[in-house]
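Quick notes on the structure that follows.
The values are calculated or read from the model by the stated rules, or taken from the named source; none is laboratory data. Since the structure is predicted, the reported quantities are computational estimates derived from the model, not experimental observations. Counting neighbours? That spans all protein chains shown, and the Cβs are built from the backbone with ideal geometry, glycine included.
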Amino acid sequence: MSDAPKPFPVMVTGGAGYIGSHAVLALLDAGWPVVVVDNLATGFRWSIPDTATFVQGDVADVQLMTEVIREYRIGAILHFAGSLLVQESVDDPLKYYRNNTAASRALIEAAVAGGARHFVFSSTAATYGVPEMVPIPEGAPKAPINPYGRSKLMTEEILDDAARVHPFNYCALRYFNVAGADPQGRSGQSTRGATHLIHIAAEAATGKRAHVNVYGTDYATPDGTGVRDYIHVSDLADAHVHALEHLIGHPGDSLTLNCGYGHGYSVLEVLDTVDRVTNHPIERKLVGRRPGDPDALVADNRAILSTLPWRPRYDDIGQIVTDALSWERTLRERGLSS
Ligand code: UFG
């Protein structure tokens, strides 16, 4: 990443959350001044470094966001704030259209009003729904199968429309399965009740739960369990910094990029990795499919590799699991574990 003096501070919404906090670290490590905006509904004040400015507030508050953008002369926004549980989005869709779509629309309005020229958006592979082909290229049909995916796709569309007529450009990053924790132990997945496989497996490996359910063994995959493209959260954070620098260097250019490594692991391969890293087998219960899970989700990542100078540093499932486990132990030691 460029060592040049930074032209302006960057606002990070949801900077006290899992992925946002890693982006804050990546920005600070690269020398960017950072203003974190978070309402602390699910994020943690302790996860924000002292070297970042913190504003407690809601991204849906157009007036407040416009004031913050003007006061700190924010030039770019990395927008992570939002809700992210697929099942919850099915049970309470209006929450997702409020916290994701409507709140993002408000933030985009504030960006335009306040003069922030660049916008990096936290999107998701859930915008593709059940893919027709794997690996999935960005041009594949967008057919989300839940309100979570739709709420994010709508935001992509709002950004696209707004960037045509207002002086800003955007990059939507479609995340595949984000996992792991900062290798230096500064942050990690701390959200109570997170249901992601590697988080659940880390809890089982550290004695916090008795076993791991394997949801479905009859998928059209080599071992019958679901295959996912797990990306280390610190690599994902770096992708945001590169996306930001690309937007600054190409003011007329907006883009949408998959974030994944381009290869996947099955549930059983992930659990085998956990066993290998801890040298202790965790108990697996083979249970039925979880509704709405596709067989395989793997990114076609050629676009990000050819557009940004981003190169993964932690494309290693063993490292992802090792870092997730270290963070789980840190949470327990600090009494922060749920
Ligand atoms: N799984 C288990 N047991 C568990 C948890 C998960 O077997 O206890 C399996 C799932 O069935 C799936 C795989 O592990 O095959 C990964 O599941 P996760 O819950 O970790 O992640 P998902 O692929 O369901 O979801 C992720 C993101 C969502 C996003 C979705 C689609 O977490 O935000 O990918 O892109 F919407």
Which residue pairs have Cβ atoms closer than 9 Å, lie 6 or more positions apart in sequence or on different chains, and pair a first residue in the stretch 273-302 that is of a type in the set (Ser, Thr, Tyr) with a second residue that is modelled with pLDDT under 95?
Thr278/Ala205; Thr278/Thr206
Looking at the stretch 188-201, I want the residues that are closer than 19 Å to Asp229 by Cα and have a partner that is in a loop (DSSP other than H, G, I, E, B) with Cβ atoms under 6 Å, at least 6 apart or on another chain. Which pairs are those?
Gly188/Ala181; His199/Gln189
Evaluation of Leu247 against (1) within 27 Å of Met133 (Cα to Cα); (2) buried (at least 17 other Cβ atoms within 10 Å of the Cβ) (one fails), failing number
(1)
Being more than 26 Å from the chain's Cα centre (by Cα) and either in a helix (DSSP H, G or I) or of a type outside the set (S, T, N, Q) (or both) is the filter here, so list the residues in the stretch 279-311 that pass it.
His280, Pro281, Ile282, Glu283, Arg284, Lys285, Leu286, Val287, Gly288
Sort out which residues of the stretch 191-209 are over 15 Å from the mean Cα position of the chain (by Cα) and assigned to a loop (DSSP other than H, G, I, E, B), and write them in order of number.
Arg192, Gly193, Thr206, Gly207, Lys208, Arg209
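Before we move on, is Ser123 part of a strand (DSSP E or B), under 18 Å from Asn169 (Cα atoms), touching a helix residue (DSSP H, G or I) at 6+ places or on another chain (Cβ under 7 Å) and not hydrophobic (A, V, I, L, M, F, W, C)?
Values: part of a strand (DSSP E or B): yes; under 18 Å from Asn169 (Cα atoms): yes; touching a helix residue (DSSP H, G or I) at 6+ places or on another chain (Cβ under 7 Å): yes; not hydrophobic (A, V, I, L, M, F, W, C): yes.
Taking the combined requirement at face value, the residue satisfies it.
Could you tell me which of the residues Glu245, Glu269 is part of a helix (DSSP H, G or I) and within 24 Å of Gly207 (Cα to Cα)?
Step by step, each of Glu245, Glu269 is checked, and only Glu269 is part of a helix (DSSP H, G or I) and within 24 Å of Gly207 (Cα to Cα).
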Set Arg228, Arg186, Arg164: member being surrounded by 22 or more Cβ atoms within 10 Å (Cβ to Cβ) and basic (Lys, Arg):
Arg228
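Could you identify the single residue in His280, His211, His240, His232 that is away from the ligand (no atom under 15 Å from the Cβ) and either of a type in the set (S, T, N, Q) or modelled with pLDDT of 95 or more (or both)? Full working, then the answer.
Details: His280 fails: either of a type in the set (S, T, N, Q) or modelled with pLDDT of 95 or more (or both); His211 fails: away from the ligand (no atom under 15 Å from the Cβ); His232 fails: away from the ligand (no atom under 15 Å from the Cβ).
Just one listed residue meets the conditions, His240.
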Can you find, within the stretch 136-177, the residue that is nearest to the ligand (Cβ to nearest atom) among those that are β-branched (Val, Ile, Thr) and assigned to a helix (DSSP H, G or I)?
Thr155
Subset of the stretch 248-266 (residues that are outside any loop (DSSP other than H, G, I, E, B), in contact (Cβ under 8 Å) with a residue 60 or more places away in the chain and either more than 22 Å from the chain's Cα centre (by Cα) or more than 12 Å from the ligand (Cβ to nearest atom) (or both)):
Ile248, Leu255, Thr256, Leu257
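Could you check the stretch 30-104 for strands (runs of 3 or more DSSP E) lying wholly inside it with 2 or more residues that are more than 24 Å from Arg192 (Cβ to Cβ)? Give the steps one after another, and end with the answer.
On the way: elements: 34-38, 53-56, 76-79.
It comes to 34-38, 76-79.
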Regarding the stretch 36-59, can at least one residue be identified that is at pLDDT 95 or above, over 22 Å from His240 (Cβ atoms), of a type outside the set (Asp, Glu) and surrounded by 16 or more Cβ atoms within 10 Å (Cβ to Cβ)?
no
